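The values are calculated or read from the model by the stated rules, or taken from the named source; none is laboratory data. Computed from a predicted model, the values in this text were never measured in an experiment. No Cβ is skipped: glycine too gets one built from the backbone with ideal geometry, and neighbour counts run over all protein chains shown. Each accessible area value is taken on the protein alone, full model and side chains, heavy atoms only, with ligands, DNA and RNA left out. Shrake-Rupley method; radii C 1.70, N 1.55, O 1.52, S 1.80 Å.
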Amino acid sequence: TDGRVLSGMTSIDQSSITGESIPVEKGIDDDVFGSTINGDGTFTMLVTKENEDTVFAKILEMVKAAQTNISKTAAFIKRLEPIYVTIVLLVAPLFYLLGVYVLSWTTDDSFYRTMVLLIGASPCALAVTDIPSTLSAISNLAKRGVLFKGGTYLSNLNDLDAIAFDKTGTLTEGKPVVTDVYFLASVKEEEKLTLTSVMVAMEQKSNHPLSKAILNYFQDGLKLELETTNTLGVGLDSVYDGHHYMIGKPSAFEQVCEEINERRSAYEADGKTIMFLAKDDAVVVIIAVLDEEKCCAKPSIDYFKNKGIHTVLITGDTKRTGQAIGQRLGIDEIRAEVMPDQKAEIIIELKKRYKTVAMIGDGVNDAPALVHADIGVAMGDGTDIAIDVSDVVLMKNDLSKIVYTHQVAKKLRRIVWQNIIFAMGVVALLMVVNVFGLINMTWAVFVHEGSTVLVLLNGLRMLAKVKN
């Protein structure tokens, strides 16, 4: 349930709601959300909402409401389905009467040619212009780890005008790693080993995600056993060889030299989370931690930009982090510090500006946006609700797969139009030669059904791998 902290301090992983990759420290009067995960602190919370009014419950409510809406393309196709057959059935008796009373055909001849017209104009080939091609394309993608929940979504992807990305777990790995360690210039080489060893020994006493990042980064050093105090909201304290050491966030340190501040500003400009290590109250080391971008993120963004598709980053992270990630990847538009309902609002806003909008995400917080998008794409390692409400699932968490999917959608549209033009061309040809009495019923059947087979074979080309 949702609530407000009355006493105590802790750090909470609220990535499932806000998308923030780094746990957020919570203290008195801070809001906490249901479905988020408490760290190693304890706190007393005042429940502020009924179960049905929590942020998580609102997310589910928005998802259910939006799922009842079908795309404009699907509705349009549904309305047009019976029109062709109705037209043919109306034309047939008129054609018979035209032959008898205008073209002076005998009743038998007019009836025969009307039967040939019904054979030639029957929508067999037209009926298979789309579905076999689409099923072949869906099968092609399934073999490569992209699962579609319907052919309409694949067809809509061809018309994509804007694509929005969640950050954590979608564009980034979702796991913080140490990217930089800076020692004060006055620190001697032999002292660096000691500082590193003390840092590792202290972090071994914590189960904070940032501690795990530090331990993964430092493999070498002295094996020390230190008594460490973990002060929630501040950091870690320890004493070694007569010196006091402290690791914590920058706000926990009152006096910091200019050299450290300059380096801190440079790291924070890149969207990195900063920690300080102080020796006897003097900061001597900066550790920069970042949720790094996936290797496939930049090439994927570049592909969509080259196709003239507007790219958007939507994240619950801070504006500084969002701007840093977005600029490195070259994303056109960056929306940061947004809640789940705001993500859905942004998608609705984008749909007013662009014809077809896709959203890619993996968390509970992305679910409303995934549903409101014309094409919702979930990462395979994402939450169950994101996968459940999405239209497409990337099983391998590889953004390059959505690039391949877009290429498949483009080829599918070309093949479908080839089929439609060919099928209707054959129908038109049969109508013309029938009027002049140049074809009999046997040949009408042969040509018409032969065109249906050719349309099917052309559609089966979608089973082959699409070349870049």
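Rolling a 1.4 Å probe over the protein heavy atoms gives the range 353-468 an accessible area of 44 Å² per residue. Along Cα→Cβ, 7 Å out, is where each label goes; now give me the distance between the ones at Cys295 and Phe446 in nm to one decimal. About 5.8 nm separates the two model spin labels. As a length-normalised measure over Cα pairs under 8 Å and 6 or more apart, the relative contact order of the chain settles at 21 percent. The ellipsoid that matches the Cα gyration tensor of the range 184-290 has semi-axes, each √(5λ) in whole angstrom, of 20, 16, 14, with the longest given first.
Sum -39500 (n - 2.57) across every DSSP H segment of at least 4 residues in the chain, then divide by the residue count to get the 222 nm mean residue ellipticity, nearest 500.
Helix contribution divided over all residues of the chain: -14500 deg cm²/dmol.
Sort the range 255-319 into rounded, prolate or oblate with this rule: let a ≥ b ≥ c be the square roots of the eigenvalues of the Cα gyration tensor; rounded if a/c is under 1.5, and if a/c is not under 1.5, prolate when a/b is larger than b/c, oblate otherwise. Taking the square roots of the gyration eigenvalues as a ≥ b ≥ c, the range 255-319 is prolate. The slack in the chain from Ser7 to Asp341, taken as 0.36 nm per residue of separation less the alpha-carbon distance, amounts to 117.4 nm.
Per-peptide packing, taken as the mean over residues of other Cβ atoms within 10 Å, places 237-250, 277-290 in the sequence 277-290, 237-250 from highest down. The order of the peptides 361-371, 318-328, 429-439 by mean Cβ neighbours within 10 Å, most packed first, is 361-371, 318-328, 429-439.
Among the listed pairs Lys167/Lys465; Lys143/Lys401; Lys307/Lys467, a Cα-Cα separation exceeding 18 Å is found for Lys167/Lys465.
The 1.4 Å probe gives accessible areas that order Val393, Val100, largest first, as Val100, Val393.
Separation of the alpha carbons by more than 30 angstrom is noted, of Lys175/Lys355; Lys205/Lys279; Lys26/Lys149, for Lys175/Lys355; Lys26/Lys149.
Within the chain, which is the longest segment containing none of the GluC sites (Glu not before Pro) that sit in a DSSP loop and have at most 16 other Cβ atoms within 10 Å?
Details: sites that count: Glu50, Glu225, Glu227, Glu254, Glu337.
Between the exposed loop sites, the longest stretch runs 51-224.
Taken along the Cα-to-beta-carbon direction at a fixed 7 Å, the label points for Thr42 and Val91 span 8.1 nm.
When the residues Asp180, Asp270 are ordered by accessible surface, computed with a 1.4 Å probe over the protein chains alone, the sequence from largest down reads Asp270, Asp180.
Can you compute the FRET efficiency between Val432 and Lys355 using 1/(1 + (r/R0)^6), with r the Cβ-Cβ distance and R0 = 41 Å? Round to the nearest 0.05.
Numbers: r = 37 Å, r/R0 = 0.90.
My answer for the efficiency is 0.65.
The modelled label-to-label distance between Asp388 and Gln418, using points 7 Å beyond Cα along the C-beta direction, is 4.1 nm. Test of understanding: extend the Cα→C-beta vector of Asn261 to 7 Å, then name every residue of the range 282-302 with backbone N under 17 Å from that spot. Within reach of a label on Asn261, which here means backbone N under 17 Å from a point 7 Å along Cα→Cβ, the range 282-302 contributes 282-286.
In the range 390-465, which trypsin sites (Lys or Arg not before Pro) are in a loop and have at most 12 other Cβ atoms within 10 Å, using DSSP for the loop call? Before the final figure, lay out the partial values.
Details: sites: Lys396, Lys401, Lys410, Lys411, Arg413, Arg414, Arg461, Lys465; in loops: Lys396, Lys465.
For trypsin sites (Lys or Arg not before Pro) across the range 390-465 that sit outside H, G, I, E and B with at most 12 neighbouring Cβ atoms in 10 Å, the list reads Lys465.
Between Asp302 and Lys465, how high is the FRET efficiency from 1/(1 + (r/R0)^6) when r is the Cβ-Cβ distance and R₀ = 22 Å? Nearest 0.05. Result of the calculation: an efficiency of 0.55.
Take the solvent-accessible surface of the protein heavy atoms, probe 1.4 Å, and return the percent of it on the range 101-146 that carbon and sulfur atoms account for. Before the final figure, lay out the partial values.
Values: 1460 of 2170 Å².
Within the range 101-146, the accessible surface is 67 percent carbon and sulfur.
FRET efficiency for the Val177 to Val453 pair, using the beta carbon distance and R₀ = 56 Å, is estimated at 0.50.
I'd like to check one number: the per residue accessible area of the range 213-284, probe 1.4 Å, reported in Å² as a whole number. Don't skip to the answer; put the middle values down first.
On the way: 4090 Å² over 72 residues.
Per-residue accessible area for the range 213-284 comes out at 57 Å².
Given their separation in residues at 0.36 nm each and the Cα-Cα distance between them, Gln219 and Thr318 gain 32.6 nm when the chain is fully extended.
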